[in-house]
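Okay, structure first, notes after.
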Amino acid sequence: MDPFEVDFLPDGGQSAADVAERVCRFVREAERSLDVAIYDFHAREGATAAIADALEEAAGRGVAVRVAFNVERQPARSHVVPMAAAPEVIDGLDVPTKGIHDQGSLMHHKYIVRDAVAVWTGSTNWTDDAFTREENALIRVDDPQVAAAYAENFTQLWDHGSIEPSGGIGPVVDLGNGVTAQPLFSPRGPSLAHRAAERIGAARHRVRVASPVYTSGAVLGTLAELAGRKAFDLRGAYDATQMVQVEGQWRDWPPNHWKIEAWHALRPRLEGKTTTPFAPGAVHDYMHAKIVVADDEVVTGSYNLSHGGEENAENVLHITGETVAVRFAAFVDQIADRYRAS
């Protein structure tokens, strides 16, 4: 098996049952342990309920299963979409669980550490809409050093039950075939926004970006500067509905007025997906991928390119390798091409 694998989920491109089965296969291969940190998880409804069944079945055959989940349903930042699942339902799984909380911040991870040697991560929550109606990435890394970094992050969350003490940086790991990967975790750790902005700023021939929102000053400013270079190969995608809300918030706060101008400089290079505004029971069809491609490097994971996101518990992988970068860039182009008309 390739130590690094990625699958991309376009809106409407796959069934929820198919994606749930991919997660279940990863879970069923566990022999000793499964540590799960998940933001949004419909554990008892839809196709994603099969993942809950697989976790409970693993526990029943002696695998040490732990599930850490987000507790805060209404974040302070209104452009952040609240989780759809009820935390008490996740807490009701027949495995050890722990709610993770911190006032105004989110436990926003979506990862599994299996047997201390393999990791499932990416941008994808475990709901039928996330599997079928959003743009997302599923990443699997088979390496004990990467797994150890995620396991350390999980232990921080589990032992403290809160977001603030967690975070850090893992080693740069050679995965073979010209690919390296380094995991990074917030809030205690290097700035995820500055890592993304640094790589964007260092790019010489290609940048691709996908994020629901662009509110980090470091990222927005760096991208706006690149956007002013007409010959530079810059493309990307965003959630148009959410960014309209963001612009309204910027207008109401004078210190952020510069971001409006920066966004207007960047926006012509990006394509927006018009999505369904959040409402109880409404479809979650957000442009949900979180991807930065800068030449032959990729920064991707659970982190939106947002100002407030660095206060959350988030993770990204900083990957180097031309073949991987080409695949991520192609997915961003696919999203942008699809929503160009809108």
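The values are calculated or read from the model by the stated rules, or taken from the named source; none is laboratory data. Everything quoted here is computed from the prediction, not taken from an experiment. When we count neighbours, we look across all protein chains shown, and the Cβ atoms used for this are built from the backbone with ideal geometry, even at glycine.
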**Fill in**
Scanning the stretch 110-130 for residues that are among the hydrophobic types (A, V, I, L, M, F, W, C) and within 16 Å of Ala20 (Cβ to Cβ), the one surrounded by the fewest Cβ atoms within 10 Å (Cβ to Cβ) turns out to be Trp120
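With a cut-off of at least 1 residues that are out of contact with any strand residue (DSSP E or B) (no Cβ under 8 Å at 6 or more places or on another chain) and under 30 Å from Ala330 (Cα atoms), name the strands (runs of 3 or more DSSP E) lying wholly within the stretch 89-185.
Working: elements: 97-100, 110-114, 118-122, 136-142, 173-176.
Ranges flagged: 173-176.
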**Test for Asp53: is it out of contact with any Cys (no Cβ under 7 Å at 6 or more places or on another chain) and surrounded by fewer than 20 Cβ atoms within 10 Å (Cβ to Cβ)** = yes
**Item:** Of all residues making up the stretch 63-88, the number that are at pLDDT 95 or above, in a loop (DSSP other than H, G, I, E, B) and within 18 Å of the chain's Cα centre (by Cα)
**Value:** 0
**Request:** Kindly indicate whether any position in the stretch 35-57 is assigned by TED's automatic domain parsing to the domain that holds Val146, in a loop (DSSP other than H, G, I, E, B) and farther than 25 Å from Val283 by Cβ.
**Result:** no
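Residue by residue, here is whether (1) charged (D, E, K, R); (2) modelled with pLDDT under 95; (3) touching a Gly at 6+ places or on another chain (Cβ under 7 Å); (4) more than 15 Å from Gly122 (Cβ to Cβ) holds:
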| position | (1), (2), (3), (4) |
| --- | --- |
| Tyr303 | no, no, yes, no |
| Gly309 | no, yes, no, yes |
| Ala313 | no, no, no, yes |
| Val316 | no, no, yes, no |
| Ala329 | no, no, no, yes |
| Arg338 | yes, no, no, yes |
| Ala341 | no, yes, no, yes |
**Item:** In the stretch 277-309, the residues that are hydrophobic (A, V, I, L, M, F, W, C) and either crowded, with 24+ Cβ neighbours inside 10 Å or in contact (Cβ under 8 Å) with a residue 12 or more places away in the chain (or both)
**Value:** Phe278, Val283, Met287, Ala289, Ile291, Val292, Val293, Ala294, Val298, Val299, Leu305
**Check on Thr121, of a type in the set (S, T, N, Q), over 12 Å from the mean Cα position of the chain (by Cα) and at pLDDT 95 or above** = no
**Request:** Just one of (1) among the aliphatic types (A, V, I, L, M); (2) part of a strand (DSSP E or B); (3) over 25 Å from Pro10 (Cα atoms) trips up Ala197, so point out which.
**Result:** (2)
**Message:** Considering only the stretch 255-276, I want to know if a residue exists there that is surrounded by 20 or more Cβ atoms within 10 Å (Cβ to Cβ), assigned to a loop (DSSP other than H, G, I, E, B) and at pLDDT 95 or above.
**Reply:** yes
**Complete:** Residue hits (the stretch 270-283; touching a helix residue (DSSP H, G or I) at 6+ places or on another chain (Cβ under 7 Å) and more than 13 Å from Ser211 (Cβ to Cβ)) are Thr274, Thr275, Pro277, Val283
